[in-house]
Structure formats: C-alpha cells, structure tokens
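The values are calculated or read from the model by the stated rules, or taken from the named source; none is laboratory data. As the structure is a computational prediction, the values presented were derived from the model and not from experiment. Counting neighbours? That spans all protein chains shown, and the Cβs are built from the backbone with ideal geometry, glycine included. The accessibility values were calculated without ligands, DNA or RNA, using every heavy atom of the protein model including side chains. Shrake-Rupley method; radii C 1.70, N 1.55, O 1.52, S 1.80 Å.
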Amino acid sequence: TITLGLAACGSGGGIEGGGAEGGGGGGSAETVFRLAFNQTEEHPQYKAAMQMGEDLYEATDGRYGIEVYANELLGTQSDVVNNVSEGSVEMMLIGGPLMESFNPDFVVFNLPYMFASQEAQAAVFADTAATGELFASIEESKNITVVAGLFAGVRNVYNNERPVRTPEDLAGLRLRVQQSDSQVAMIEAMGGVASPMGQGEVYTALQSGVLEGAENNETVYNSLKHDEVAKYYSYTEHLMIPDYLLMNTDVLAQMSEEDRAAFTELVPALVEDANTGFFEFIETSRAASEENGAEFNEDVDVEAFRQRVAPLVEESIDNDVKQGLYDAVQQYNEQYPAES
Ligand code: GCU
C-alpha cells in the first residue's frame, strides 16, 4: 500500500541510503534494530531515535543500526509491546499507562499532577536508584528492558462542544484516554466520561460522534488532526506522562560488551534531543492548530481539577514500592518546582 511504501522509505533511509547517511544506520548495518513508533516523522522522538541509529552505526563500525517505523506501521502500542517481549520487534516507544498491565507499580508516574516540572520528571528518570527495581521487574517477567524515560508533553482536555473551565464543564463528555485503569479513574474523577482506546482510532471516533473529546498534548492534537474535529482545547494540565524507550532484553544481552557500552553511552543524548525538541514541537503544533481554527483556552480552574483527583492519587499509592517512587518524585519536585 501507499502508506507502507512511504513510511518505510521515511523510516530507514532505504537500501540506497547506505548506512549512516541513510538515517538511523538502518540501511546497511549488519544488524538492524526495528523500532516501532506510533507518531509521525516530525516528532522529536523520531528524530532522536534516527540520530541514535546513525551514531550507533558509527560507534559499532556498521555492526548495528536502528530503523524507525513511524505512524503505527508495526501496529498499535498495545500490540507491538508483545512483539518486543517476544523479540520479533527489537525496540519501541510506548506511553506510560500501557506499562501498568505488566507491573501496576508503574502507575505512580501516570497519576495526575504528579510531576511539578519537566526537570523534576527528567531527574527521576536519570536516577537509576529510584527506578531500578521497577524497571528490573519487567526484565524478569517480560524480557523487556526500559532503556529510557522521556518527556511526552503535558496533557490537556479537548472536545467539540465547549471550552472547559471547571470539572462541571466535563459533565457528559466522552473523552478518550490511554488504555489503563488509572486513566479511566482519572477522567471520571475530573468529571468526564472515560473511553479507553488506542491512539490511532481516536480521529474516527471523534468524527463519527462516538467521542466528544480526548486528552493529550498539543502535538498529538495537531499531528493526528484532532484539531479538525474537536476545536476546544483547554489547559487542565492534568498529566505529564512519560514515554519509555523499550528494548527486548535478550537482544541487548546478545551484543558484545563493547557494542552494548556504545549503545548505552548514546542514551543520554537521545533523551536530551527528544526532550529539548519537544518544547519547540509544542509551539509549532499549537500555532498550526490555531491556524486550523482551534481555540486554546487558558482560563481553567486547575486547582478544582487537582482537588477532584487528589483522593485518587492518595489511594493509588498503596504499597511500599509505589511509596518509594512517589517519595522520589516529591524530592525532585522540591528541587525543581513548577515555574509560576
Ligand atoms: C502521547 C505519547 C504516546 C501515546 C499517546 C496516546 O503522544 O507520547 O506514547 O501513545 O500520547 O495518547 O496514546
């Protein structure tokens, strides 16, 4: 199909691309890691992963490269994660809530108003002492290694009926959430009706009236054209959910020590590139949505939403591991508070 041809071409640089110049080093590396991605080639995570592939190709003298498949070409996140677990896809980027089905303790990072700032979130994911046990748990159970935690914007609500200022304004609005119990409970507490589904189905559901709205960052709102079918975007700022870069654990273990070290050394640059690029991507996305006629509403009673979800946050921290993760977040929130 056309989609397949275009996306495959955009992803790996093609055969004629020839290694490093081809982008991602996927073209002619001896071993190509396929990385599944559910968003477009404009996304900073896509660009950062391509760059990592090129650098890996260089650093391993062409032994390894990364081929990034954008636009859900390899499947939805919830499907592909099983392929990563089995090893038929080597790498992927995944939204935090989907990790809850592997280990419910991941929920801590997916709770509303958890991180005070992007810096606080980045500090948590740079602190392997804080996240080590959590991440190791799915190496054992799922054969999946969490390579990095990435900034994925701040999520806000949007719908096709009205600007949202208070929890009452969400009454009766069916909003798509990511697939996990925490996300359903959150939207219900905020006053709306939650409808969990994969990202790729949302546009049609909005268009056909199955949904009145959704919640996401500005970049998804624009790049998946949700702005065309749900023009009121309101800054509830309820979530800063990370994405994770995942890799099949055996695949990583099979690399020579030297090549694995080369891979690991490239991770901080990937995080930095992806996170920095995100802020610019937010700006251009918002401007493009405004051009399309979307209305951005900053007049939101954030405190009212925060109070609505506070009991949910408290109930969710129900074991020692979650408490430890929660405390680590709070420590970094104090160090890197919100800009007022
Ligand atoms: C964000 C996130 C994705 C996720 C998407 C969603 O864009 O970066 O990983 O899939 O939201 O809402 O499904």
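Scalar couplings 3J(HN,Hα) for the stretch 220-235, obtained by applying the Karplus form with A = 6.51, B = -1.76, C = 1.60 to θ = phi - 60°, are 5, 3, 7, 6, 9, 6, 5, 4, 6, 10, 8, 7, 9, 10, 10, 7 Hz; x denotes Gly and Pro. Kirkwood radius, the chain, all distinct C-alpha pairs, inverse of mean reciprocal distance: 20.4 Å.
Per residue, the chain exposes 42 Å² of accessible surface when a 1.4 Å probe is rolled over the protein heavy atoms with every protein chain present.
Per-atom-type breakdown for the chain gives carbon and sulfur 47% of the accessible area (1.4 Å probe, protein chains only).
When the surface is traced with a 1.4 Å probe over the full set of protein chains, residue 204 keeps roughly 80 Å² accessible.
Pull out a ≥ b ≥ c, the square roots of the eigenvalues of the alpha-carbon gyration tensor of the stretch 294-340, then state rounded if a/c is under 1.5, prolate if not and a/b is larger than b/c, and oblate in the remaining case.
Working: a/c = 3.10, a/b = 1.62, b/c = 1.91.
Because a/c hits 1.5 or more and a/b fails to exceed b/c, the stretch 294-340 counts as oblate.
When +1 charges are put on Lys and Arg Cβ atoms and -1 charges on Asp and Glu Cβ atoms, the dipole computed for the chain relative to its Cα centre reaches about 800 debye. Put the Cα centre of the stretch 52-69 next to the Cα centre of the stretch 238-308 and the gap is 21 Å. Here residue 142 is the anchor, and the lysines within straight C-alpha reach of less than 24 Å, apart from those fewer than 8 places off in the same chain, are 322. Spin-label model, residue 303/residue 103: points 7 Å from Cα along the beta carbon direction are separated by 3.8 nm. Membrane-span-like helices in the chain, defined purely by DSSP H runs whose alpha carbon atoms cover 18 Å or more axially and whose average Kyte-Doolittle hydropathy reaches -1.0, are 44-59, 128-142, 267-291, 302-316.
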